[in-house]
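Notes to accompany the following structure.
None of the figures in this text is laboratory data; all of them are computed from the coordinates on show. Just so it is clear, the structure is predicted and the values come from calculations on it, not from any experiment. In this analysis, Cβ positions are derived from the backbone assuming ideal geometry, glycine residues included, and neighbour counts consider all displayed protein chains.
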Amino acid sequence: MKLIIAQIGACGVLLYFAYHAMSGKQGLAEWTRLQKQERELAAEISDLDAEKIRIKSQIKRLQADRLDLDFVEELSREKLAFARQDELIVYRESIE
């Protein structure tokens with residue numbers, strides 16, 4: 001009888017630790033979630049680094065000592081919708 005109670009107790013303790021190993025605050029499920037979050041954040045950092053490089057390049061092209069006039073024209077056309085007087089602008093419906 002004592003042996004059966006000891007075995008049931010041991011199974012209970014084993015189940016307790018197995019449950020917390022799988023779904024506790026530091027369990028396998030949480031570890032998997034954190035791994036996924038780490039991959040997502042690494043991808044976001046990579047995207048932000050690329051955006052930072054692009055912006056730094058644009059800043060260099062707009063500095064007074066080496067102003068890129070073609071880039072200034074491109075920006076004025078894109079952002080401000082500027083055009084030359086002799087140009088014809090054709091508007092199209094957006095395709096969506």
From the option list Val72, Val13, single residue qualifying as more than 20 Å from the chain's Cα centre (by Cα), under 30 Å from Glu87 (Cβ atoms) and not hydroxyl-bearing (Ser, Thr, Tyr) is Val72
Residues of segment 68-90 satisfying the condition of being part of a loop (DSSP other than H, G, I, E, B), surrounded by 11 or more Cβ atoms within 10 Å (Cβ to Cβ) and not small (Gly, Ala, Ser)
Asp68, Phe82
In segment 1-26, the residues that are among the aliphatic types (A, V, I, L, M) and part of a helix (DSSP H, G or I)
Leu3, Ile4, Ile5, Ala6, Ile8, Ala10, Val13, Leu14, Leu15, Ala18, Ala21, Met22
How many of the residues in segment 50-64 are of a type in the set (S, T, N, Q) and surrounded by 10 or more Cβ atoms within 10 Å (Cβ to Cβ)?
2
Restrict the check to segment 53-61 and report whether at least one residue is over 27 Å from the mean Cα position of the chain (by Cα) and on the phi < 0 side of the Ramachandran plot.
yes
